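Notes for the one structure printed next.
The values are calculated or read from the model by the stated rules, or taken from the named source; none is laboratory data. This structure is a prediction, so every number in the text was calculated from the model and none was measured. Quick reminder, even Gly has a Cβ in these numbers, built from the backbone with ideal geometry, and neighbours come from all protein chains shown. Each accessible area value is taken on the protein alone, full model and side chains, heavy atoms only, with ligands, DNA and RNA left out. Shrake-Rupley method; radii C 1.70, N 1.55, O 1.52, S 1.80 Å.
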Amino acid sequence: MKKILFVTSEAHPLIKTGGLADVCGSLPKALAELSQDIKLILPNYQALKTTEKVRFLCSIRVDNRSVNILETRMPGSHVTVWLVDYPVYYNYPGNPYIDEQGEPWPINAERFALFCRIAVEAAMDRIHQGWKPDIVHCNDWQSGLVPALLSLEQDRPATVFTIHNMAYQGLFTGSTAATLNLPGKLWQPEGLEFHEMLSFIKGGLVYADYITTVSPTYALEIQTPEFGYGLEGLLGHRKESLGGIINGIDLDQWNPETDPYITQHYSATTLNKKLLNKYELQRRFALPVNERIPLLGLIGRLVEQKGIDLIIECIPEMAAMDMQFVLLGSGDKGFEKQLKKLAELYPDNIAIHIGYDETLAHVIEAGADIFLMPSRFEPCGLNQMYSQRYGTIPVVRKTGGLADTVVDTLPETLANQTASGIVFNEASSSSLLEAIKRALILYSYPDTWKKMQTNALKMDFSWQRSAEQYLALYEKLEADTQLSRRGD
Ligand code: ADP
């Protein structure tokens, strides 16, 4: 059994701003189910919500500050959670990272540096709990200083750093490094310095024993200038210690056999019942109710990353085809406006719902025939996995987690029963349109389509599968640490 300290700035259902929280809510539970001894550590934000009891654990002084550590559990599980309680830094309302205007909180560097220092104290058991982890697993830039600071310790645990999205790096002015009183040894271009700025993410990328990302393809992509944001050289240099592990999905929440939000439950053996969900989706979006016409769906943040501009370019041609398209999302105001206009122009084919609506997301996954995900980059992506679990065939661009979780439909993949979607290469509207046409042709052959749906429904996207891969990594790292200690 491994002792694992899991360092994260968010975990569902305690506190969530994005996909990071889903991973950090699910993975520790899956590791606990594999009999591992895992504890989470998070900042005690005002917005953090729990139904479990919270108790005082201990107090610790770092940098002349007295910080409390509170103890609770992940709701509905036995996984212990330690909350770093320092009200001056964490006890104010709203989002953990940004204010109401969308601007980063001015003291973010101080807030997350303190969080990292406390995580290091916990990792070295200087909080005197008689629990010293074998592995410290850090996530995204907010925890980036942990591997850096731990690298200066004797007899330290092995460290893993997971990149959930390279687009967020925790960059601050160079003078911040002095304010934070960071050990001088770390302040160098081969350390935390990035073009004279202080980079939190580099703390993970330079000093962690192993780096993971949330898909094998994204692990390769971030070693190129297009996806590496200037850190591709460093990542290439560390390629022997860099790998990808695909996220799982919550199989209870996304299950067409039990989903409380959908009209008709169904499974791989009762796929014909999916049709009732299609009627419901057409009704909800005020489109003509029609069994025969292929129904395409999209759910997501309306941002360039998701290829929304490509969709907008395609809509006039899509509207001229024999198909319907529903979209649920919010984000860029320009995209929202253009999409609404297009829906007004083509009311029989195109319907748009602007907003965030969990229930409607389930209704779309269950009711659509085809799901569009033409992302420019996608570290892992969830919707393509939900879609396959609902027998809704995804059309995806070959990038990141999309490339790793959707099997393109070709004669050979049909023959070996793995074909589960349509994959296209180029981030252009013409390539997307070609892929849509390919999907529509396949849809017109019901036997082939049913085979694709059955293949999609068979895919294993369980968290257990991912947790087993993380565990294998922890075991390898611990063995390496022991070997190198013996060598010392
Ligand atoms: P990202 O984390 O980049 O936004 P993912 O595909 O990894 O993309 O995860 C997005 C999650 O948020 C999915 O569960 C998706 O269904 C959900 N989601 C995004 N936009 C909406 C929306 N407007 N309404 C409901 N759910 C949404």
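Applying the criterion of at least 3 residues that are touching a Lys or Arg at 6+ places or on another chain (Cβ under 9 Å) and open to solvent by less than 10 Å² (accessible area, probe 1.4 Å) to the helices (runs of 4 or more DSSP H) found wholly in region 280-371 leaves 358-367. Of all residues in region 372-385, which are more than 12 Å from the ligand (Cβ to nearest atom) and in a loop (DSSP other than H, G, I, E, B)? The one that is more than 12 Å from the ligand (Cβ to nearest atom) and in a loop (DSSP other than H, G, I, E, B): P374. Residues in region 397-415 that are more than 11 Å from the ligand (Cβ to nearest atom) and of a type outside the set (S, T, Y): R397, K398, A403, D404, V406, V407, D408, L410, P411, E412, L414, A415. Among the residues of region 28-57, those that are of a type in the set (A, V, I, L, M, F, W, C), part of a strand (DSSP E or B) and surrounded by 15 or more Cβ atoms within 10 Å (Cβ to Cβ) comprise I38, L40, I41, L42, L57. If you go through region 136-167 and keep only what is in a helix (DSSP H, G or I) and either basic (K, R) or assigned by TED's automatic domain parsing to the domain that holds L382 (or both), you end up with nothing. Do we find that Q253 is open to solvent by 50 Å² or more (accessible area, probe 1.4 Å) and in a loop (DSSP other than H, G, I, E, B) in this structure? For Q253, the condition - open to solvent by 50 Å² or more (accessible area, probe 1.4 Å) and in a loop (DSSP other than H, G, I, E, B) - is met.
Take P133 and decide whether it is out of contact with any Asp or Glu (no Cβ under 6 Å at 6 or more places or on another chain), part of a helix (DSSP H, G or I) and open to solvent by less than 10 Å² (accessible area, probe 1.4 Å). No: the conditions fail for P133. There is at least one residue in region 270-287 that is assigned by TED's automatic domain parsing to the domain that holds P446, free of Cβ contacts under 8 Å to residues at least 24 places away in the same chain and within 22 Å of E344 (Cβ to Cβ). Restricted to region 168-179, and to residues that are modelled with pLDDT of 95 or more and assigned to a loop (DSSP other than H, G, I, E, B), which residue is surrounded by the fewest Cβ atoms within 10 Å (Cβ to Cβ)? Filtering region 168-179 for residues that are modelled with pLDDT of 95 or more and assigned to a loop (DSSP other than H, G, I, E, B), the one surrounded by the fewest Cβ atoms within 10 Å (Cβ to Cβ) comes out as T173. Quick check on region 460-480: of everything there that is closer than 13 Å to V136 by Cα and of a type outside the set (A, V, I, L, M), which residue is most open to solvent (accessible area, probe 1.4 Å)? Taking the candidates together, the pick is E475. Within region 262-295, the residues that satisfy the criterion of being within 16 Å of the ligand (Cβ to nearest atom) and of a type in the set (A, V, I, L, M) are I262, L281.
Residues that are within 12 Å of the ligand (Cβ to nearest atom) and of a type in the set (G, A, S) within region 163-177 comprise just one, A167. Within region 18-27, not a single residue is surrounded by fewer than 24 Cβ atoms within 10 Å (Cβ to Cβ), away from the ligand (no atom under 15 Å from the Cβ) and in contact (Cβ under 8 Å) with a residue 60 or more places away in the chain. Contact map, region 386-401: residues that are free of Cβ contacts under 8 Å to residues at least 24 places away in the same chain and outside any strand (DSSP E or B) paired with residues that are hydroxyl-bearing (S, T, Y) and open to solvent by less than 10 Å² (accessible area, probe 1.4 Å), Cβ distance under 8 Å, separation 6+ or inter-chain. No pairs are found.
Being farther than 30 Å from M385 by Cβ, open to solvent by 10 Å² or more (accessible area, probe 1.4 Å) and assigned by TED's automatic domain parsing to the domain that holds D125 holds for only one residue in G191, G203, G184, and it is G184.
Just to be sure, is D140 of a type in the set (D, E), within 30 Å of T399 (Cα to Cα) and in contact with a strand residue (DSSP E or B) (Cβ under 8 Å, 6 or more places away or on another chain)?
Taking the combined requirement at face value, the residue satisfies it.
Of all residues in region 256-271, those that are outside any loop (DSSP other than H, G, I, E, B) and surrounded by 14 or more Cβ atoms within 10 Å (Cβ to Cβ) total 2.
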